[in-house]
Amino acid sequence: MYFNKIEKYIENSGFSVSKKDEHDGLFVIESDADGIRNLIIGVAPPVIIFELYLFTMAEDRLEIFKSLLIKNRDIIHGGFALTEDGKKVIYRYTLQVHNLDQNEFDAAVNSLSLLLSEYYEQLIQFSKT
């Protein structure tokens, strides 16, 4: 039920679906207009998770962690996080899926798009260190 609902939201938003797995509740979407590639959307009731890999850290760097945490304060939806191994920086946003509407879905993706457009130079620099 929720998988089909999210699929409809993706279609309505004009995103390309590069992978879809109903059994696992996963979509991988792209939007050239929004600068988004390989955004994973996981439908796992009672939540929906948006997750995008940004870069891998070669070593722990306090200044990068601090900068990402400061930027988290400005992000409208979602935030930066580390994967369980502490090496990969991702964007992650979680919502309740049962009352999710098209506007909330779009807002989650738009927030990521805005973040990438405003912060891309710093993210590129972080990925090089």
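Bear in mind these aren't lab numbers, they're just calculated from the coordinates by the rules spelled out. Keep in mind that what you see is a predicted model, and the values were worked out from it rather than measured. When we count neighbours, we look across all protein chains shown, and the Cβ atoms used for this are built from the backbone with ideal geometry, even at glycine.
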Practice prompt. Please state which one of 21, 34 is among the charged types (D, E, K, R), exposed (fewer than 15 other Cβ atoms within 10 Å of the Cβ) and either under 16 Å from residue 78 (Cβ atoms) or without any contact (Cβ under 8 Å) to a residue 12 or more places away in the chain (or both).
Written response: 21
Practice prompt. Any chance you could count how many residues in the range 8-18 are surrounded by 12 or more Cβ atoms within 10 Å (Cβ to Cβ) and in a loop (DSSP other than H, G, I, E, B)?
Written response: 1
Worksheet item: Looking at this structure, is residue 76 farther than 22 Å from residue 118 by Cα, touching a helix residue (DSSP H, G or I) at 6+ places or on another chain (Cβ under 7 Å) and of a type in the set (A, V, I, L, M)?
Response: no
Worksheet item: From the list 15, 65, 27, 105, which one is under 30 Å from residue 129 (Cβ atoms) and not acidic (Asp, Glu)?
Response: 65
Worksheet item: Here is a list of conditions, (1) surrounded by 15 or more Cβ atoms within 10 Å (Cβ to Cβ); (2) touching a residue at least 40 places away in the same chain (Cβ under 8 Å); (3) not aromatic (Phe, Trp, Tyr), and residue 96 meets all of them except one; can you say which number that is?
Response: (1)
Practice prompt. Report the residue count in the range 76-93 for those that are surrounded by 15 or more Cβ atoms within 10 Å (Cβ to Cβ) and either touching a Cys at 6+ places or on another chain (Cβ under 6 Å) or of a type in the set (Gly, Ala, Ser) (or both).
Written response: 3
Worksheet item: Name the residues in the range 99-129 that are surrounded by fewer than 18 Cβ atoms within 10 Å (Cβ to Cβ), more than 20 Å from residue 69 (Cβ to Cβ) and within 17 Å of the chain's Cα centre (by Cα), would you?
Response: 102, 103, 104, 106, 107, 110, 113, 117
Discussion item. For residue 5, only one of the following conditions fails: (1) farther than 30 Å from residue 125 by Cβ; (2) of a type in the set (Lys, Arg); (3) loosely packed, with under 15 Cβ neighbours inside 10 Å. What is its number?
Written reply: (3)
Worksheet entry | Long-range neighbours under 9 Å by Cβ, at least six apart or interchain, first residue in contact (Cβ under 8 Å) with a residue 40 or more places away in the chain and over 13 Å from residue 115 (Cα atoms) within the range 62-73, second assigned to a helix (DSSP H, G or I) and of a type outside the set (S, T, N, Q) | 64/126; 67/126
Item to complete: Among residues belonging to the range 21-62 that are of a type in the set (Asp, Glu) and in a strand (DSSP E or B), point out the one that is nearest to residue 80 (Cα to Cα).
Response: 51
Discussion item. For the list (1) assigned to a loop (DSSP other than H, G, I, E, B); (2) under 17 Å from residue 124 (Cα atoms), I need the number of the one condition that residue 69 fails.
Written reply: (1)
